[in-house]
Amino acid sequence: MRLLSLLVSTGQPSLDSILTDGYPERSSILIVGPPGIGKEALGYWFTLSALARNDFCIYATRLSASEVLQDARAFDVNFSHKVPFWFANSGGQIKFEINDLAKISYNIKEVLKKNSDRKIRIVTDVLSSLLMLNQPETIYKFMSQLFEEVKQYDSIVLATLEEGMHSPNVIAAMQQLFDGVIELKLYEEGLKVIPLLRIRKMRGTPPLPGYFNFSFTKNGMEVSAYVK
Amino acid sequence: MSSDILSLVLTVLSLIIVLVAEGTYSYAAYWAFNIRRALAVRIYRNQALGVGLVSLGFILIFFDYVLVSSFNIVIFVVIQALVTAMFFFFIDSAVLDGRMSDPLLRDTIHWRRIRLWVWAIFVAASVASICIVVYYAGLIGRNLSLLPFWVSFIGSALEVVVVVIVGIIALPMTAVRSRDPYLRKQLAWLAGFVVFLAAGGPVPTSPTYAPVVFALQFAMAFCLYKSARSLAPLNKISKETELK
């Protein structure tokens with residue numbers, strides 16, 4: 001029972017069921033996949049469920065807040081009742097300056113301090129852009145320091161990373177930094193293309209060797225065991 | 001006698017090449033729609049839809065050219081406008097996709113702001129083309145060969161000019177700015193498609209050159225197929241992938 005209380009729902013029951021109830025508290029989760037596969041949707045659902053629990057949610061994005069809201073609506077995620085704290089290119093409480101790592105770090109720390117009494121959820125889609133604009137080593141250091149800071153609080157960080165836009169070494173190194181890694185990929189099975197999900201690792205969860213079918217429906221994300 | 005045999009050989013060869021070309025277009029469309037079904041984000045789904053529609057469009061053009069155009073120029077022009085629209089839809093999606101994969105989120109030629117205006121100009125040009133051809137077809141008949149060249153040219157060129165201008169300006173910039181290797185590969189194959197399409201222009205339409213024309217069609221179809229396969233990284237299912 002004590003272990004279960006340290007897990008936070010992903011926002012999708014089908015994903016919770018394969019993760020033994022969700023993401024571990026005080027963890028960092030990386031969602032890796034090619035463009036267009038729906039990585040950001042996991043972030044939207046996580047944010048929505050966290051907002052419903054009155055957790056403090058930060059959405060850090062290189063897009064404008066309106067673009068994210070529009071994309072989220074395509075997955076039937078509506079932030080109109082409760083909204084996250086936006087670090088966005090425009091339309092947010094704080095402008096996200098993608099070329100200024102020091103400012104990003106400072107802003108996040110300030111917001112964390114002001115909300116230290118609450119559970120904090122940080123969702124971000126900026127990792128790939130940061131890696132493309134900076135040396136990978138700089139971003140490893142930046143992320144390590146950020147995690148050190150963030151994990152002082154009751155928090156979870158969920159980040160997405162574009163597969164294909166970084167070398168395998170960079171992706172492997174980023175995966176090392178995170179406590180949990182969920183991989184979404186497209187597979188060719190004969191003449192069909194099927195999206196599959198794999199839990200590469202998740203702190204506190206036994207290794208899950210298999211692949212899982214996933215799809216996005218009006219009810220959210222449906223995940224089932226993959227059988228050829 | 002020998003000219004009859006040569007004619008027969010050329011006909012058979014042309015038939016084989018055209019069947020392979022049309023089959024390749026169909027295969028390209030199949031993969032584009034297949035990948036589209038697996039994607040979740042609208043911009044990328046639209047891009048896959050664009051490739052699929054262009055592939056289907058060129059199948060349509062072929063059947064229209066072979067079966068219909070000698071009978072009805074109006075249908076020919078309408079189909080051509082439709083196929084050009086499909087191409088424009090692909091260009092629109094590719095430029096929007098390119099922005100998402102640019103770390104600086106640059107809006108190539110301010111496309112997000114101007115695209116609806118350009119679409120309006122494109123639709124107006126297409127309608128104008130069709131109206132001009134319908135008017136002249138009403139005057140002198142619907143047989144393609146009876147229309148003055150300038151009418152045929154305007155009937156097909158107006159909307160094509162819009163697409164070509166946008167494509168020539170926006171797509172190379174998109175390819176340079178995007179960090180998505182799959183988008184770049186896709187655009188590279190699309191460039192190959194356009195090169196072969198343009199190369200078919202100067203080739204005479206006499207039956208002697210039919211194998212050349214159809215071979216170019218096959219090359220175009222192959223480029224579209226490779227473009228479709230580059231829509232997303234596809235991994236192979238191995239024994240390791242199966243659930244134990």
*For residue B:43, all conditions in the list (1) out of contact with any Pro (no Cβ under 8 Å at 6 or more places or on another chain); (2) within 13 Å of chain A (Cβ to nearest Cβ); (3) in contact (Cβ under 8 Å) with a residue 60 or more places away in the chain; (4) in a helix (DSSP H, G or I) hold save one; what is the number of the exception?*
(3)
*Sort through A:184, A:131 and tell me the only one that's farther than 25 Å from residue A:56 by Cβ, modelled with pLDDT of 95 or more, under 14 Å from the mean Cα position of the chain (by Cα) and within 14 Å of chain B (Cβ to nearest Cβ).*
A:184
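Here is a yes/no grid of residues against (1) in a loop (DSSP other than H, G, I, E, B); (2) over 30 Å from residue B:231 (Cα atoms); (3) in contact with a helix residue (DSSP H, G or I) (Cβ under 7 Å, 6 or more places away or on another chain):
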site	(1), (2), (3)
A:10	yes, no, yes
A:17	no, yes, no
A:40	no, no, yes
A:47	no, no, no
A:104	no, yes, no
*Just need a number here: residues in segment A:187-207 that are at the interface with another protein chain (Cβ under 10 Å from one of its Cβ atoms) and either in contact (Cβ under 8 Å) with a residue 60 or more places away in the chain or at positive phi (or both).*
2
_Top-ranked residue of segment A:58-94 - restricted to ones that are over 17 Å from the mean Cα position of the chain (by Cα) and of a type in the set (Gly, Ala, Ser), ranked as nearest to residue A:129 (Cα to Cα)_ = A:64
_Residue tally, condition of a type in the set (Phe, Trp, Tyr) and farther than 17 Å from residue A:16 by Cβ, over segment A:36-74_ = 2
*Take the residues in segment A:49-59 that are aliphatic (A, V, I, L, M) and part of a helix (DSSP H, G or I), then tell me which one is surrounded by the most Cβ atoms within 10 Å (Cβ to Cβ).*
A:50
*Would you call residue A:147 assigned to a helix (DSSP H, G or I), surrounded by fewer than 21 Cβ atoms within 10 Å (Cβ to Cβ), in contact with a helix residue (DSSP H, G or I) (Cβ under 6 Å, 6 or more places away or on another chain) and away from every other protein chain (no Cβ under 14 Å)?*
no
*Test result for residue B:170, modelled with pLDDT of 90 or more, out of contact with any Lys or Arg (no Cβ under 6 Å at 6 or more places or on another chain) and not in a helix (DSSP H, G or I)*: no
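The values are calculated or read from the model by the stated rules, or taken from the named source; none is laboratory data. On a predicted model such as this, the values are computed, not experimentally measured, just so you know. Using ideal geometry, Cβ is built from the backbone for each residue, glycine included, and neighbour counts are taken over all protein chains shown.
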